[in-house]
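Visitor: The structure that follows is given in the form of structure tokens.
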């Protein structure tokens with residue numbers, strides 16, 4: 001069984017998809033990019049978060065397509081875009097989006113997310129806090145999977 005299939009199976013088993021659309025968007029990303037040279041467990045975690053809605057899915061898809069066209073073999077462009085998007089969200093006062101993007105950047109950089117931020121976020125933006133909590137569950141699931149087979 002391929003790594004991507006194991007991931008989908010575990011996410012389904014642990015009921016990590018919010019709805020059929022979330023599942024379909026994530027599966028599309030995973031199927032298209034799991035064999036890319038830049039694919040990593042950290043990127044897979046970001047894919048889970050970005051598949052939450054169409055807007056973030058489209059942004060992720062645009063960046064991934066650009067990386068493929070550029071023949072990237074690392075996540076530099078993705079990390080740079082994440083930092084810029086986080087700053088834009090913070091500057092626009094969108095605390096929830098900034099927090100979700102911050103979690104994504106942490107995933108890409110293989111940095112543990114600081115869970116102490118969730119308490120304040122639960123008050124300021126409960127939906128964003130929920131998404132991050134679900135993302136952390138998915139991240140643990142991904143970490144528990146065997147290494148990615150190429």
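A quick yes/no check of all residues on (1) farther than 26 Å from residue 126 by Cα; (2) surrounded by 14 or more Cβ atoms within 10 Å (Cβ to Cβ):
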site	(1), (2)
9	yes, no
12	no, no
25	no, yes
92	no, no
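Visitor: Residue pairs, Cβ under 9 Å, 6 or more apart or interchain, first in segment 81-94 and more than 17 Å from residue 62 (Cβ to Cβ), second not in a helix (DSSP H, G or I). List them.
Guide: That search, which allows pairs on different chains as well, returns 94/125.
Visitor: Mind checking whether some residue in segment 60-67 is without any contact (Cβ under 8 Å) to a residue 60 or more places away in the chain, within 23 Å of residue 144 (Cα to Cα), in contact with a helix residue (DSSP H, G or I) (Cβ under 9 Å, 6 or more places away or on another chain) and buried (at least 19 other Cβ atoms within 10 Å of the Cβ)?
Guide: Filtering segment 60-67 for residues without any contact (Cβ under 8 Å) to a residue 60 or more places away in the chain gives 60-67.
Now restrict to residues that are within 23 Å of residue 144 (Cα to Cα): none.
No: segment 60-67 contains no residue that is without any contact (Cβ under 8 Å) to a residue 60 or more places away in the chain, within 23 Å of residue 144 (Cα to Cα), in contact with a helix residue (DSSP H, G or I) (Cβ under 9 Å, 6 or more places away or on another chain) and buried (at least 19 other Cβ atoms within 10 Å of the Cβ).
Visitor: Quick check: is even one residue across segment 29-51 modelled with pLDDT of 95 or more, over 22 Å from residue 109 (Cα atoms) and not in a helix (DSSP H, G or I)?
Guide: No, the conditions are met nowhere in segment 29-51.
Visitor: Looking at this structure, is residue 83 surrounded by fewer than 20 Cβ atoms within 10 Å (Cβ to Cβ), modelled with pLDDT of 90 or more and assigned to a helix (DSSP H, G or I)? Write out each step before concluding.
Guide: Details: surrounded by fewer than 20 Cβ atoms within 10 Å (Cβ to Cβ): yes; modelled with pLDDT of 90 or more: yes; assigned to a helix (DSSP H, G or I): yes.
Judged against the criteria, residue 83 is a match.
Visitor: Check residue 148 against each of (1) surrounded by 15 or more Cβ atoms within 10 Å (Cβ to Cβ); (2) at pLDDT 90 or above; (3) over 15 Å from the mean Cα position of the chain (by Cα); (4) in a helix (DSSP H, G or I) and name the one condition it does not meet.
Guide: (4)
The values are calculated or read from the model by the stated rules, or taken from the named source; none is laboratory data. Small disclaimer: the values here were computed from a predicted structure and weren't measured. Ideal geometry is used to build each Cβ from the backbone, glycine not excepted, and the neighbour counts take in all protein chains shown.
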